[in-house]
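Beneath this line is the structure, given in structure tokens, with notes to follow.
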Amino acid sequence: MLSRFRTRVLAAAASAALAAAAVSACSEGGIDIELGSGGSSDELTEGRVTHVVDGDTIRIGDERIRLIGVDTPETRKPGSPVECFGKQATAFTKRLVLGRKVRLELDVEHRDRYGRLLAYVTRAKDGLPVNAELVRRGYALPLTVPPNVKRAAEYARLAGEARAAGRGLWSACR
């Protein structure tokens with residue numbers, strides 16, 4: 001519902017201090033593991049995006065990948081309407097990564113409760129940090145879920161800049 005999304009927008013706008021505190025409380029450093037050959041999906045560190053599920057979830061083959069630290073408006077949640085700016089966020093993610101090779105960087109926790117691989121996604125060709133770009137351009141809110149907090153302060157800063165500039169959902173979903 002729009003009101004739930006509006007609540008998330010307001011919470012994101014107020015979370016910069018909490019994100020900074022979480023970052024200072026947790027250790028830094030990503031997990032670097034070798035590219036697998038189709039075995040355990042925890043070995044996946046790069047690949048070509050085959051499908052964009054929504055603004056913050058992609059697929060590389062059969063592997064579902066949830067972008068760490070960001071939350072885009074819902075478009076596919078069962079029993080819920082499409083949220084404000086959800087279709088635009090999904091379309092933007094498609095433009096950024098669909099069919100392109102990406103690198104995945106894991107943080108402390110590798111999977112969420114739905115079994116999705118949690119990753120910071122970077123376009124391989126030009127090094128564009130996809131998670132950060134979604135927040136910077138106003139297609140996503142920062143979402144800090146400890147212990148994966150390595151970039152929380154950066155995303156909170158980017159969201160503040162996007163909000164001040166009225167980019168994306170910050171002007172469309174008031």
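(1) out of contact with any strand residue (DSSP E or B) (no Cβ under 6 Å at 6 or more places or on another chain); (2) of a type outside the set (Gly, Ala, Ser); (3) at pLDDT below 95: which one isn't true of residue 75, the others all being true?
The one condition residue 75 does not meet is (1).
Please go through the stretch 131-157 and give me each residue that is surrounded by 23 or more Cβ atoms within 10 Å (Cβ to Cβ) and not in a loop (DSSP other than H, G, I, E, B), ordered by number.
Residues satisfying the conditions are 131, 134, 135, 141, 142, 148, 152, 155, 156.
Looking only at residues that are of a type outside the set (Gly, Ala, Ser), surrounded by fewer than 20 Cβ atoms within 10 Å (Cβ to Cβ) and under 25 Å from residue 85 (Cα atoms) in the stretch 99-115, which one is farthest from the chain's Cα centre (by Cα)?
If we take residues in the stretch 99-115 being of a type outside the set (Gly, Ala, Ser), surrounded by fewer than 20 Cβ atoms within 10 Å (Cβ to Cβ) and under 25 Å from residue 85 (Cα atoms), then 100 is farthest from the chain's Cα centre (by Cα).
The values are calculated or read from the model by the stated rules, or taken from the named source; none is laboratory data. Everything numeric in this text was worked out from a predicted model, so none of it was measured. Because the Cβ atoms are built from the backbone with ideal geometry, glycine has one as well, and the counts that use them run over all protein chains shown.
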